[in-house]
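Some notes on the structure that comes next.
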Amino acid sequence: MSELEEKCKELFPDIRLKEPLENHSTFRIGGPADYFYQLKDEEEFSKVLDFCRNQKIPILILGGGSNVLFDDKGFRGMVIKIETEKIEFDLNKNKVVADAGVPISKLLRATVQNKLSGLEKWIGLPGSVGGAVRGNAGCNGLETKDILISAKIFDLKDSKIKEFKNKDLDFSYRNSKIKENPELIVLSATFQLQKSDATEEEQRKIMMEIAKNRGQKQPYGLTAGSFFKNPSPEQPAGKLIEEAGLKGKVIGGAAISEKHGNFFINKNNATAKDIIELANLAKRQVQAKFGIELKEEVQIFTEKNGKTLAEKQAI
Ligand SMILES: Cc1cc2nc3c(=O)[nH]c(=O)nc-3n(C[C@H](O)[C@H](O)[C@H](O)COP(=O)(O)OP(=O)(O)OC[C@H]3O[C@@H](n4cnc5c(N)ncnc54)[C@H](O)[C@@H]3O)c2cc1C
């Protein structure tokens, strides 16, 4: 163990060294992170950050890992996986405050149990509250911006905790101020819901129906969801990739789903390199055939121009 690793272990005994990132991404791809910290307690956040800053260790924030592609060589720095999990209801005002680390599935269950409605359309939406706020995640016509009241955010620029109202977050399709400013870290979010007249059983039935529809459209397998943003509602990336003749295309262990052109799958021990090559092929073919530039929705923390993007994006 290096001197720095020893120091780190002494201050944060739960920290893991050389943690395989494949275990923390729905793609199941990624080499080791030098340091890996599971943040369970918000109070610890500034301590870990101070340590990283003092030691000049780059930081990468991780939520549920459902929208990331890690480098095959891993990450030379500290991955902070946000696993804070408090959920607090204000039943008089039909509001819920959820920590950034709360999985959307858990939040949805808790709201139904508390006879609140509003999140049902998110059945099957992977990831954490923090990841959803940052990327304005959504499905079935419900985006984060539609129900978010405010978010509590740690600003790395001045190490202050700030409350951002919905309108301050500049939400747009799969985008927000947080995505544009990697120094903004979501700590928790407040959502506006409504009282539900339906029984828990009735709400579950509605969700089962939504989940069934979703299952018919989306493939199973090791994936990070839609790889590219839709250039426009009329031109979804999946349709463009399909019309470029690439459904089912395989490079190495990676494949474009037969079911949905915008789903890239780790079919057989794919590397990040395989996925990137496949994505670049899709970009080239779609550009050549339709003159449209596809832009990644998945956050890529992998090699580019000899320097890892992770290093560039890391804080
Ligand atoms: C099968 C499948 C289906 C999907 N379907 C949909 C869908 O229908 N709609 C949709 O919108 N998305 C979909 N996705 C993508 C994904 O679920 C969302 O993007 C999700 O919101 C990502 O959240 P996460 O916690 O997993 O983020 P991660 O993958 O952990 O991180 C994504 C990015 O957010 C950053 N980040 C994470 N937490 C924080 C935080 N607290 N503060 C600041 N930055 C943070 C990370 O640094 C990274 O850059 C799907 C993914 C899969 C695997």
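Any residue at all in segment 110-118 that is among the basic types (Lys, Arg), more than 7 Å from the ligand (Cβ to nearest atom) and farther than 23 Å from Lys179 by Cα? Yes, segment 110-118 has at least one match. For segment 20-41, the tally of residues that are over 19 Å from the mean Cα position of the chain (by Cα) and either surrounded by fewer than 17 Cβ atoms within 10 Å (Cβ to Cβ) or within 15 Å of the ligand (Cβ to nearest atom) (or both) stands at 1.
Looking at segment 88-98, is at least one residue within 13 Å of the ligand (Cβ to nearest atom) and buried (at least 19 other Cβ atoms within 10 Å of the Cβ)?
Keep residues of segment 88-98 that are within 13 Å of the ligand (Cβ to nearest atom), which gives 98.
Within this subset, residues satisfying the condition of being buried (at least 19 other Cβ atoms within 10 Å of the Cβ) are 98.
Yes, some residue in segment 88-98 is within 13 Å of the ligand (Cβ to nearest atom) and buried (at least 19 other Cβ atoms within 10 Å of the Cβ).
Filtered by the rule that a residue be more than 16 Å from the ligand (Cβ to nearest atom), at pLDDT below 95 and surrounded by 17 or more Cβ atoms within 10 Å (Cβ to Cβ), segment 285-315 gives a lone residue, Glu303.
For segment 146-160, check the following and say yes or no: at least one residue is more than 9 Å from the ligand (Cβ to nearest atom), among the hydrophobic types (A, V, I, L, M, F, W, C) and either out of contact with any helix residue (DSSP H, G or I) (no Cβ under 8 Å at 6 or more places or on another chain) or closer than 30 Å to Gly253 by Cα (or both). Scanning segment 146-160 turns up at least one residue that is more than 9 Å from the ligand (Cβ to nearest atom), among the hydrophobic types (A, V, I, L, M, F, W, C) and either out of contact with any helix residue (DSSP H, G or I) (no Cβ under 8 Å at 6 or more places or on another chain) or closer than 30 Å to Gly253 by Cα (or both).
Table: residues versus (1) over 18 Å from Ile61 (Cβ atoms); (2) among the aliphatic types (A, V, I, L, M).
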residue	(1), (2)
Glu3	yes, no
Cys8	no, no
Phe12	no, no
Leu17	yes, yes
Leu21	no, yes
Phe27	no, no
Ala33	no, yes
Asp41	no, no
Glu44	no, no
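Sort through Gly253, Gly215 and tell me the only one that's within 16 Å of the ligand (Cβ to nearest atom), farther than 27 Å from Ile82 by Cα and open to solvent by less than 30 Å² (accessible area, probe 1.4 Å). If you could, list the steps in order and put the result at the bottom.
Numbers: Gly253 fails: within 16 Å of the ligand (Cβ to nearest atom).
Exactly one residue qualifies, and that residue is Gly215.
Restricting segment 161-190 to residues that are open to solvent by less than 10 Å² (accessible area, probe 1.4 Å) and not in a strand (DSSP E or B) leaves a set whose member that is farthest from the ligand (Cβ to nearest atom) is Leu169.
To keep it simple, each residue is scored yes or no on (1) of a type in the set (Lys, Arg); (2) more than 23 Å from the chain's Cα centre (by Cα); (3) outside any loop (DSSP other than H, G, I, E, B).
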position	(1), (2), (3)
Arg204	yes, yes, yes
Glu209	no, yes, yes
Gly215	no, no, yes
Tyr220	no, no, no
Thr223	no, no, yes
Glu258	no, yes, no
Ile265	no, no, yes
Asn269	no, no, no
Ile275	no, no, yes
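Annotation: Ile210 fulfils all but one of (1) at pLDDT below 95; (2) of a type outside the set (Gly, Ala, Ser); (3) within 14 Å of the ligand (Cβ to nearest atom); (4) in the same structural domain as Ala100 (by TED's automatic domain parsing); the unmet one is (4). Scanning for something on the phi > 0 side of the Ramachandran plot, within 13 Å of the ligand (Cβ to nearest atom) and either open to solvent by less than 50 Å² (accessible area, probe 1.4 Å) or without any contact (Cβ under 8 Å) to a residue 24 or more places away in the chain (or both), does segment 56-65 turn up at least one residue? Yes, there is a match, as at least one residue in segment 56-65 is on the phi > 0 side of the Ramachandran plot, within 13 Å of the ligand (Cβ to nearest atom) and either open to solvent by less than 50 Å² (accessible area, probe 1.4 Å) or without any contact (Cβ under 8 Å) to a residue 24 or more places away in the chain (or both).
The values are calculated or read from the model by the stated rules, or taken from the named source; none is laboratory data. Small disclaimer: the values here were computed from a predicted structure and weren't measured. FYI the Cβ positions are ideal-geometry reconstructions off the backbone, even for glycines, and counts take in every protein chain you see. Just the protein is used for accessible areas: all its heavy atoms, side chains included, with ligands, DNA and RNA removed. Shrake-Rupley method; radii C 1.70, N 1.55, O 1.52, S 1.80 Å.
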